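The values are calculated or read from the model by the stated rules, or taken from the named source; none is laboratory data. As the structure is a prediction and not an experimental result, all values here were calculated from the model. Every residue, glycine among them, receives a Cβ derived from its backbone with ideal geometry; neighbour counts consider all protein chains shown. For accessibility, only protein heavy atoms count, side chains too; no ligands or nucleic acids. Shrake-Rupley method; radii C 1.70, N 1.55, O 1.52, S 1.80 Å.
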Amino acid sequence: MKVSSSTRVRVVVGLGVLALAGLVYVVRGPLFMAAPMCLAGRWNGCLSTENGVVLMTFAGIPVAVLVAWVLARRRRPAAWRMSLAEVGMVYGTIPWVWMTLMPGSGAGVVPGRVSLVPLRDLVTMGPLGIGGNLLVFAALGFFAPIRFAAMASVPRVLALGAVCSVLVETAQYAFQLDRVSSVDDVLLNAVGAALAAMASRRWWREPTRPPWRPELVPTAAGGHGEIR
């Protein structure tokens, strides 16, 4: 039995909605804690806490979907995949980077700290810290191969996640945000991007190949001979 593409899209969208609803249910406690501050218009306090950023991220999902719809309409009819990938890369990454760059209580006073010993900080992170680091560039790793044919490779996505993570860790150190710039953060961010890329492999954009052209072999008489 052959399933149409529209049916597959509906199934994927339905599963995505169910997954989102389940995630909202799991984190409903922290979201309710941040809701009064955000609803009161205290944006500085709302966006300076992790709970507030997560709440605003969920609240902005309809806007992100609308932006993807507008981009798809302005392009050719079959541009939904490209538009969703672009919006997904940006909207799925910025909130995590924002939380990563939130200053601590000693920002501007405590000098930057660096941890360059691999796997040493994993013990103190705990499951929540490890999971959060895996998700920082997961959206980038998931959607980049879908949008860009040049990124249709797990090693390339792994390198992309590592480079982006190094930039974030460098910013933490340079701006003295009272955070530890750890090599383990880079490792987990890169691995999270690579795992997400593997999950989206079936939707990757295939690299474009130049059209085949026959090659004419010149003959001794100066003409053209057989085609190779």
What is the number of the single condition among (1) within 25 Å of Gly52 (Cα to Cα); (2) of a type in the set (A, V, I, L, M, F, W, C); (3) open to solvent by 30 Å² or more (accessible area, probe 1.4 Å) that Ala150 does not meet? (1)
Met56: at pLDDT 70 or above, assigned to a helix (DSSP H, G or I) and either hydrophobic (A, V, I, L, M, F, W, C) or within 20 Å of Arg147 (Cα to Cα) (or both), yes or no? yes
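Listed here are the residues, each with its yes/no results for (1) part of a helix (DSSP H, G or I); (2) within 19 Å of the chain's Cα centre (by Cα); (3) modelled with pLDDT of 90 or more; (4) surrounded by 19 or more Cβ atoms within 10 Å (Cβ to Cβ).
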{"position": "Ala159", "(1), (2), (3), (4)": "yes, yes, yes, no"}
{"position": "Val163", "(1), (2), (3), (4)": "yes, yes, yes, no"}
{"position": "Ser181", "(1), (2), (3), (4)": "no, no, yes, yes"}
{"position": "Val186", "(1), (2), (3), (4)": "yes, yes, yes, yes"}
{"position": "Ala194", "(1), (2), (3), (4)": "yes, yes, yes, yes"}
{"position": "Arg213", "(1), (2), (3), (4)": "no, no, no, no"}
Return yes or no: is Val67 at pLDDT 65 or above, open to solvent by 50 Å² or more (accessible area, probe 1.4 Å) and not polar (S, T, N, Q)? yes
Of the residues that make up region 167-174, is at least one outside any loop (DSSP other than H, G, I, E, B), open to solvent by 50 Å² or more (accessible area, probe 1.4 Å) and without any contact (Cβ under 8 Å) to a residue 40 or more places away in the chain? yes
Condition check: surrounded by 15 or more Cβ atoms within 10 Å (Cβ to Cβ), free of Cβ contacts under 8 Å to residues at least 12 places away in the same chain and not charged (D, E, K, R). Does Gly141 satisfy that? no
Restrict the check to region 81-100 and report whether at least one residue is part of a loop (DSSP other than H, G, I, E, B), small (Gly, Ala, Ser) and open to solvent by 60 Å² or more (accessible area, probe 1.4 Å). no
Let me confirm something: among Gly104, Gly132, Gly112, which residue is open to solvent by less than 80 Å² (accessible area, probe 1.4 Å) and either polar (S, T, N, Q) or closer than 20 Å to Gly192 by Cβ (or both)? Gly132
Kindly provide the set of residues from region 115-129 that are exposed (fewer than 14 other Cβ atoms within 10 Å of the Cβ), of a type in the set (A, V, I, L, M, F, W, C) and touching a helix residue (DSSP H, G or I) at 6+ places or on another chain (Cβ under 9 Å), ordered by number. Leu116, Val117, Leu119
Top-ranked residue of region 37-53 - restricted to ones that are modelled with pLDDT of 70 or more and part of a helix (DSSP H, G or I), ranked as nearest to Pro95 (Cα to Cα): Val53
